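Data first, discussion second: the structure below is written as C-alpha cells.
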Amino acid sequence: MQKRFPRAFDALADVFRFADDFLAVEQVDPRHHYAVHFALEEVFTNLVKYNPGSRQEILVGLDRASDRLLITLTDFDATPYDMTRAPERRTDVSIEERQPGGLGLQLTRRLMDDMDYESNGRQSRITLTRMLR
Amino acid sequence: MFDIKVAEQGRVVLAGRLDASQEARVNAVFDGLQSPCVIDMKDLEYISSLGLGILVRTQKRLKARTGGGLRLVNVNRHINELFRLAGFHQIFEIEAHTP
C-alpha cells in the first residue's frame with residue numbers, strides 16, 4: 001500500500017489516516033500503533049524540514065509480511081543524509097545537561113527493530129521494520 | 001484533533017494528538033509559562049518528538065529561572081513508555097493515569 005503526500009507538516013493528518021487504514025485492514029494489534037505513528041511522523045517531518053523548498057511529494061509505503069511490518073518513505077529530491085547515523089543524545093543526564101531536540105530519531109530507532117537507509121542521486125529511501133510480536 | 005488550554009491555577013491541559021503541525025500553538029502557551037506548573041495529559045492520546053522537545057526546553061528554562069519545573073500528570077500508558085525511553089522520569093515529576 002503506497003501513497004504520495006505533499007511535502008508539508010499539514011500533510012501529517014492524512015499520513016496518519018493512511019496508516020490507520022492500513023493498520024485496520026491488516027488487523028495489527030493496537031499496541032503497535034503508537035510506534036508506527038511516531039516513526040512515520042519523525043521521518044516524514046525530517047524530510048520536510050531539511051528540504052522545504054522542494055515541491056516533490058514524499059512516497060509513503062506500508063507493507064506486512066507475516067509478523068514483519070515495513071514502513072518505507074521515499075524522497076525523490078533529497079540531499080543525501082543517513083538518518084540511521086544521527087548522533088545519540090544522552091538521556092541519563094540532569095535537566096541542566098539535557099539538550100532539547102534530537103530525540104526523535106533516537107526514539108524511532110528504539111521503537112523499531114531495524115532502520116535502513118539507501119540513497120541514489122537525489123533519491124533517498126528510509127525503511128523501518130517493526131516486528132509484530 | 002488537538003487542543004491546549006490554560007485552566008485554573010495555570011494548569012495546562014492538553015488533549016488529542018500533539019504532532020509537528022501544532023508547533024506554533026504549543027509554543028505560544030509554553031513560552032508564556034513563567035512559574036512551575038502542572039501539565040494535565042489525561043486526554044492527550046499522542047505526543048511526537050516535537051512535543052518532547054518543547055517539554056525539555058521549557059523545563060530547562062523554568063528550572064534555571066525558578067528552581068521548580070513542570071509536573072506531568074495523568075500520563076497514558078503509551079506516552080509514559082515513550083517518556084521512559086526518553087529518560088524523562090529523571091528530569092520531570094511524572095504521574096501516570098490510573099483508569
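The values are calculated or read from the model by the stated rules, or taken from the named source; none is laboratory data. All of these numbers come straight from a predicted model, not from anything done at the bench. Cβ: placed from backbone, ideal geometry, glycine included. Neighbour counts: every protein chain shown. Accessible surface areas use protein heavy atoms only, side chains included; no ligands, DNA or RNA. Shrake-Rupley method; radii C 1.70, N 1.55, O 1.52, S 1.80 Å.
Looking for whichever is surrounded by fewer than 17 Cβ atoms within 10 Å (Cβ to Cβ), within 21 Å of residue A:99 (Cβ to Cβ) and basic (Lys, Arg) here; the options are B:65, B:11, B:57. Which one fits?
Details: B:11 fails: within 21 Å of residue A:99 (Cβ to Cβ); B:57 fails: surrounded by fewer than 17 Cβ atoms within 10 Å (Cβ to Cβ).
On inspection, the qualifying residue turns out to be B:65.
Output the residue which, of all residues in segment A:27-62 that are surrounded by 15 or more Cβ atoms within 10 Å (Cβ to Cβ) and small (Gly, Ala, Ser), is nearest to residue A:108 (Cα to Cα). Can you show your working first?
Filtering segment A:27-62 down to residues surrounded by 15 or more Cβ atoms within 10 Å (Cβ to Cβ) leaves A:28, A:32-48, A:51, A:54, A:56-62.
Then keep just the ones that are small (Gly, Ala, Ser); that gives A:35, A:39, A:54, A:61.
Values: A:35: 8, A:39: 5, A:54: 25, A:61: 17 Å.
Looking at the filtered set, the residue picked out is A:39.
Kindly indicate the residue of segment A:88-114 that is outside any loop (DSSP other than H, G, I, E, B) and under 23 Å from residue B:56 (Cβ atoms) and also nearest to the other protein chains (Cβ to nearest Cβ) among those meeting that condition. Reasoning before the result, please.
Of the residues in segment A:88-114, the ones outside any loop (DSSP other than H, G, I, E, B) are A:104-111, A:114.
Add one more test, that the residue is under 23 Å from residue B:56 (Cβ atoms), and what stays is A:104-111.
Working: A:104: 3, A:105: 8, A:106: 8, A:107: 6, A:108: 8, A:109: 10, A:110: 5, A:111: 8 Å.
Ranking the qualifying residues of segment A:88-114, first place goes to A:104.
Test residue B:25 against the criterion of being part of a helix (DSSP H, G or I), in contact (Cβ under 8 Å) with a residue 12 or more places away in the chain and over 12 Å from the mean Cα position of the chain (by Cα), and give yes or no.
Considered against the rule, which asks whether it is part of a helix (DSSP H, G or I), in contact (Cβ under 8 Å) with a residue 12 or more places away in the chain and over 12 Å from the mean Cα position of the chain (by Cα), residue B:25 comes out as yes.
Can you pull out every residue in segment A:72-87 that is farther than 11 Å from residue A:2 by Cβ and either assigned to a loop (DSSP other than H, G, I, E, B) or at pLDDT 95 or above (or both)? Before the answer, list the steps.
Just the residues of segment A:72-87 that are farther than 11 Å from residue A:2 by Cβ, to begin with: A:75-87.
Those that are farther than 11 Å from residue A:2 by Cβ and either assigned to a loop (DSSP other than H, G, I, E, B) or at pLDDT 95 or above (or both): A:75, A:76, A:77, A:78, A:79, A:80, A:81, A:82, A:86, A:87.
Please go through segment B:38-54 and pick out each residue that is under 16 Å from residue B:3 (Cβ atoms), in contact with a strand residue (DSSP E or B) (Cβ under 6 Å, 6 or more places away or on another chain), open to solvent by less than 70 Å² (accessible area, probe 1.4 Å) and not acidic (Asp, Glu).
Within segment B:38-54, B:39, B:41, B:44, B:46, B:47, B:51 qualify.
State which residue pairs qualify: first residue within 7 Å of chain A (Cβ to nearest Cβ) and touching a residue at least 12 places away in the same chain (Cβ under 8 Å) and inside segment B:81-93, second residue polar (S, T, N, Q) and in a helix (DSSP H, G or I) in any location, beta carbons under 7 Å apart, and separation of 6 or more residues or different chains.
From residues that are within 7 Å of chain A (Cβ to nearest Cβ) and touching a residue at least 12 places away in the same chain (Cβ under 8 Å), the pairs are B:91/B:59.
Here is a list: B:57, B:25, B:17, B:71. Which entry is more than 13 Å from chain A (Cβ to nearest Cβ), out of contact with any helix residue (DSSP H, G or I) (no Cβ under 6 Å at 6 or more places or on another chain) and among the charged types (D, E, K, R)?
Residue meeting the stated conditions: B:71.
Give me the pairs: first residue in segment A:39-58 and free of Cβ contacts under 8 Å to residues at least 60 places away in the same chain, second residue surrounded by fewer than 17 Cβ atoms within 10 Å (Cβ to Cβ) and small (Gly, Ala, Ser), beta-carbon distance under 9 Å, and six or more apart or on different chains, which are they?
What qualifies is A:46/A:86; A:48/A:8; A:52/A:8.
How about segment B:81-99: which of its residues are surrounded by 14 or more Cβ atoms within 10 Å (Cβ to Cβ) and touching a Phe, Trp or Tyr at 6+ places or on another chain (Cβ under 9 Å)?
Residues satisfying the conditions are B:81, B:82, B:83, B:92, B:94.
Could you tell me whether segment A:63-71 includes any residue that is under 24 Å from residue B:78 (Cβ atoms), exposed (fewer than 14 other Cβ atoms within 10 Å of the Cβ) and not small (Gly, Ala, Ser)?
yes
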